[in-house]
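These notes are about the structure you will find just below.
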Amino acid sequence: MAPIPGSGLAKGLAVTLRTMTRKTVTEQYPDTQPELPPRTRGVIGLFEENCTVCMLCARECPDWCIYIDSHKETVPPAAPGGRERSRNVLDRFAIDFSLCMYCGICIEVCPFDALFWSPEFEYAETDIRELTHERDKLREWMWTVPAPPALDPGAEEPKELAAARKTAEKLAATQQAEQAEPHRPGEGNA
């Protein structure tokens, strides 16, 4: 049987009328914040204490939007008779978000977990020069980084946590032993 002329137009108009009578589901963005997935890529935060100025993030960045300046500092020996060490000290860490393509290579390549994704995306500026965030601004973004997902309940405890717990227990036991030992007059006031 041959289609009735104009039936396609009638079906299209029926879809249009049905859609027009439904309530809209558009979220009014500035008034209503969107529900973002937990690991959304928004802006990059810097945990400066973990940064060793290894420069891997700057070298691997395909856009060359990470700027790092540092200097070497001599550290005295930890034990008598040891030798002095030198270490890098971070002077400047900046990311130019007008160049960044949010690929995440810098975060993946960081061996010391100094860079993290923050889900914050509202950092638009009227001047493009203000999109270069220095280390103090990158440190502020760390407060918005979500906590990592919980471990599987059946998984082993991480070795780092187990070692830290043992050290804390030894320290607590030592302190309790010192407090329990009575102080005798005339001993050890050096």
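The values are calculated or read from the model by the stated rules, or taken from the named source; none is laboratory data. Computed from a predicted structure; not experimentally measured. Backbone-built Cβ (ideal geometry, glycine too); neighbour counts: all protein chains shown. Calculation scope for accessible area: heavy atoms of the full protein, side chains included, ligands and nucleic acids excluded. Shrake-Rupley method; radii C 1.70, N 1.55, O 1.52, S 1.80 Å.
Numbers for the structure displayed
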quantity	calculated
Taking the chain and dividing mean pair separation by its residue count, relative contact order in percent (alpha carbons under 8 Å, at least six apart)	23 percent
Candidate lysines - alpha carbon under 24 Å from Lys159, same-chain residues fewer than 8 apart omitted	Lys170
Phi to ³J(HN,Hα) by Karplus 6.51 cos²θ - 1.76 cosθ + 1.60 over segment 101-110, Hz, x for Gly, Pro	9, 6, 7, x, 4, 4, 6, 5, 7, 5
Charge context of Thr167, other residues only, Cβ under 13 angstrom, K/R +1, D/E -1	+2
Under the Karplus curve 6.51 cos²θ - 1.76 cosθ + 1.60, θ = phi - 60°, whole-Hz ³J(HN,Hα) for segment 118-126, x wherever Gly or Pro sits	10, x, 5, 10, 9, 9, 5, 10, 7
With Cα atoms, 0 to 90° folded angle of helix 159-180 axis to the chain main axis	40 degrees
Proximal aspartates and glutamates relative to Lys72, as straight alpha-carbon distance under 20 Å, when same-chain residues fewer than 8 apart are discounted	Glu48, Glu49, Glu84, Asp91
Under 5 Å, built H, 5+ apart or other chain: amide partners of Thr132	Phe97
Restricting segment 82-190 to trypsin sites (Lys or Arg not before Pro) in coil, as DSSP defines it, with at most 12 other Cβ within 10 Å	Arg83
Mean-position separation - Cα centroids, segment 28-79 and segment 82-134, in angstrom	3 Å
Percent of Cα-Cα distances greater than 13 Å, calculated over segment 1-41	71 percent
Solvent exposure of segment 23-64 as accessible area per residue, Å², 1.4 Å probe	75 Å²
Compactness of the chain - radius of gyration and Dmax, Cα, Å	29.0, 115
Under DSSP loop assignment and at most 15 Cβ neighbours within 10 Å, longest chymotrypsin sites (Phe, Trp or Tyr not before Pro)-free interval of the chain	124-190
Segment 74-156, accessible area per residue, ligands and nucleic acids excluded (1.4 Å, Å²)	69 Å²
Surface share of carbon and sulfur [accessible, 1.4 angstrom probe, percent] for segment 1-155	58 percent
Crossing angle, helix 7-21 versus the chain [Cα axis fit, 0-90 degrees, rounded to tens]	50 degrees
